[in-house]
Amino acid sequence: MGYNIVKIYREDHSAKNFNRPEWIKLRTYAKANKKEVHKVLFAKWDRFSRGTEQALTVLREFDSIGIELNATEQYLDMSNSDNKMIRAIYLTAGEVERDKISSRTITGTYQAKKEGYFTGKAPYGYDNFRDEHKKSTLKPNQFSFFVKKAFIEVAMNIESVETIRKKLKQEGMKLEKSAFSELLKNIIYVGKIKVPEFKKESAMVVNGKHEALIDIETFNKVQAVFNGKRWHGTKPNHKNLEFPLRDFLTCEICGGQITGSTSQGRSKKYAYYHCRNKCKTRVSVDDAHMKIGNILFNLQINENIKDLFSAVLKNSETRFNGDRTTQLKDKIESQKSLKVKIEDAEDLLLNKDITKERFNSIVERINGQLIEVNNEIEILNTRTDSIKTYVDSGLELLTNLDRMFANGDYDGKRIVAGSIFTQKLIFGNDNCRTEKVNEVIGVLTRSSKGSRGYKKEKAVISDSFSAYVPGAGVEPARFPTGV
């Protein structure tokens with residue numbers, strides 16, 4: 001045709017809309033050079049657009065700046081009004097074809113999922129591949145190890161999900177917090193496929209063609225963690241006096257719940273703690289309690305640290321009470337000062353030195369400050385019982401944890417274990433261990449040679465134990481002695 005071609009754009013995006021990188025560049029160039037650009041040509045009308053309404057909008061947009069849009073293989077002379085109808089048919093045909101393709105894709109995807117095949121990008125731990133039937137599914141890759149380990153450790157409910165994620169990240173698992181959370185909720189790792197609702201068919205879950213990385217029991221344990229069903233040392237459904245710690249223990253082999261049962265010997269019954277699953281974890285009650293007693297025995301409080309901690313608590317309370325008195329005095333003075341300011345504002349208003357609007361603004365601001373001060377005075381006036389009478393007796397109890405546990409009854413043993421161990425004990429045939437104990441116990445049992453020379457001097461804020469108040473897990477009133 002003898003046209004002078006000034007620019008060529010090659011597009012490989014779908015024509016379902018105009019949010020296409022090359023089209024955006026083309027439109028920008030054409031508008032910026034509208035005096036030099038007279039036509040924009042493309043191969044066919046369905047390459048230009050597969051949406052009639054959007055296409056007509058763009059056609060009007062270019063027509064308004066004097067640029068013609070046309071197809072080289074379906075060229076239409078738009079000076080002939082009848083060709084507008086033909087153009088509309090071309091555009092509608094493209095939209096209809098797009099709808100057919102979309103419908104076939106959705107139907108095919110649904111049918112594939114229903115048969116257990118996976119469509120889409122492979123989740124972490126899997127790669128996409130096609131089986132012998134040339135159908136899309138998944139196969140485990142080198143990162144599946146991290147997936148298995150993540151599920152097992154979260155299911156054990158010993159450490160927090162975020163702690164486990166950070167530990168695995170150091171080992172090479174490149175997942176951030178949200179992605180890790182989604183991984184642990186994805187049923188794909190159980191070998192299942194979620195099939196969405198389609199037409200009159202209800203949503204369902206089917207067995208996938210891919211290999212499962214974890215079992216359904218482990219998956220459900222992980223979901224229970226996310227649903228807030230975490231262990232808090234609560235009492236079991238019924239009280240079995242022979243097994244006071246059956247819900248405090250978790251199997252070191254499978255992470256399953258440790259329970260208890262008895263077996264009949266020749267002359268008497270024998271009680272055992274054992275795993276609910278098929279693991280070989282099985283220990284007599286006496287041996288199990290002895291192992292736990294050994295852990296408590298090893299948590300011996302350093303005498304120097306105990307004395308220092310006692311002094312810190314007592315002196316800190318005195319210092320805090322003294323500070324409270326000073327603070328209360330300061331707040332009362334602030335209260336009086338604010339009230340005087342309101343009176344001064346009233347005088348200014350009476351003398352007509354300020355307007356009513358200005359007065360209201362001042363009073364509103366001062367009243368806001370006054371409310372805060374009044375609340376602080378009320379809090380400071382609240383009396384708190386002294387802890388001094390409980391410090392020495394409470395600390396003395398903590399020097400005999402193993403004996404308290406050994407001599408305690410059903411409730412006594414549970415109170416000691418619940419106070420000291422903030423997470424379940426990992427239990428096996430040969431050992432018993434825990435990842436974490438009460439923070440206060442951790443501080444008091446810390447071996448510190450440097451503490452041997454400490455004297456019972458007044459505590460200062462820089463002391464490593466200053467103002468360290470016992471947490472909720474160590475409450476003296478909970479011990480069997482009543483202290």
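What is the Å³ per residue value for the convex hull set by the Cα atoms of segment 1-148? Can you show the working numbers first?
Values: hull volume 26.4 nm³, N = 148.
Per-residue hull volume (Cα only) is 179 Å³.
Which order, highest average first, do 74-80, 243-249 follow once you tally other Cβ atoms within 10 Å for each residue and take the mean per peptide?
The packing order, highest mean first, is 243-249, 74-80.
I'd like to check one number: the per residue accessible area of segment 325-379, probe 1.4 Å, reported in Å² as a whole number.
Value for segment 325-379: 76 Å² per residue.
Could you tally the net charge around His133, taking each other residue with its Cβ under 11 Å from the Cβ of His133, Lys/Arg +1 and Asp/Glu -1? All intermediate terms of the calculation are to be shown ahead of the outcome.
On the way: positive: Arg130, Lys134, Lys135, Lys209; negative: Glu115, Asp131, Glu132.
Cβ neighbours under 11 Å give a net charge of +1.
Using θ = phi - 60° and the Karplus curve 6.51 cos²θ - 1.76 cosθ + 1.60, what whole-Hz ³J(HN,Hα) does each residue of segment 187-195 get, with Gly and Pro shown as x?
Each residue of segment 187-195 in turn: 6, 4, 6, 8, x, 10, 10, 7, 10 Hz.
Please report, as a whole percent, how much of the solvent-accessible surface of segment 68-151 comes from carbon and sulfur atoms (probe radius 1.4 Å).
Whole-percent figure for carbon plus sulfur exposure: 54.
Under 20 Å from the Cα of Lys25, which lysines turn up, not counting those fewer than eight places away in the same chain?
Straight-distance partners of Lys25: Lys7, Lys16, Lys34, Lys35, Lys39, Lys44.
Below 16 Å, Cα to Cα, which lysines can Lys424 reach? Residues fewer than 8 away in the same chain don't count.
Lys221, Lys229, Lys235, Lys291, Lys413, Lys436
Using a 1.4 Å probe over the heavy atoms of the protein chains, calculate the carbon and sulfur portion of the accessible area of segment 160-226 as a whole percent. It would help to have the intermediate numbers written out before the result.
Working: 1930 of 3890 Å².
C and S fraction of accessible area: 50 percent.
What FRET efficiency, computed as 1/(1 + (r/R0)^6) with R0 = 41 Å and r the Cβ-Cβ distance, is obtained for His133 and Lys174, rounded to the nearest 0.05? If you can, show how the numbers build up before the last one.
Values: r = 33 Å, r/R0 = 0.80.
The formula returns an efficiency of 0.80 here.
Per residue, how many Å² of accessible area does segment 1-75 show with a 1.4 Å probe?
Heavy-atom accessible area per residue stands at 68 Å².
Count charges around Ala150 for me, please; just the other residues with Cβ under 15 Å from its Cβ, Lys/Arg as +1, Asp/Glu as -1.
On the way: positive: Lys148, Lys149, Arg165, Lys166, Lys167, Lys169, Lys174, Lys177, Lys185, Lys221; negative: Glu153, Glu159, Glu162, Glu171, Glu176, Glu182, Asp215.
Overall, the nearby charge balance is +3.
Dipole of segment 66-106 (Lys/Arg Cβ +1, Asp/Glu Cβ -1, origin at the Cα centre): which of Leu91, Gln74, Thr105 lies farthest to the positive side?
Checked the options; the winner is Thr105.
Could you list which residues have their amide H under 5 Å from that of Tyr126, counting only those 5 or more apart in sequence or on another chain, with H placed in the peptide plane?
Under 5 Å from the amide H of Tyr126 lie the amide H atoms of Asn141, each far enough along the sequence or on another chain.
Would you list which lysines come within 18 Å of Lys209, measuring only between C-alpha atoms, while excluding same-chain residues fewer than 8 positions from it?
Lys113, Lys114, Lys121, Lys134, Lys135, Lys139, Lys192, Lys194
Enumerate the amide H contacts of Val195 below 5 Å, restricted to partners 5 or more residues apart or on another chain; note that Pro and chain-start residues carry no placed amide H.
Long-range HN contacts for Val195: Met204, Val205, Val206.
Can you give me the orientation-averaged projected area of the convex hull built on the Cα atoms of segment 136-210, in nm²?
Numbers: hull surface 25.1 nm².
For the Cα atoms of segment 136-210, the hull's average projected area reads 6.3 nm².
The values are calculated or read from the model by the stated rules, or taken from the named source; none is laboratory data. None of these values were measured; they are calculated from a predicted model. Note that each Cβ is placed from the backbone with ideal geometry, even for glycine, and that neighbours are counted across all protein chains shown. To get the accessible areas, we keep the full protein, side chains included, count just its heavy atoms, and leave off ligands, DNA and RNA. Shrake-Rupley method; radii C 1.70, N 1.55, O 1.52, S 1.80 Å.
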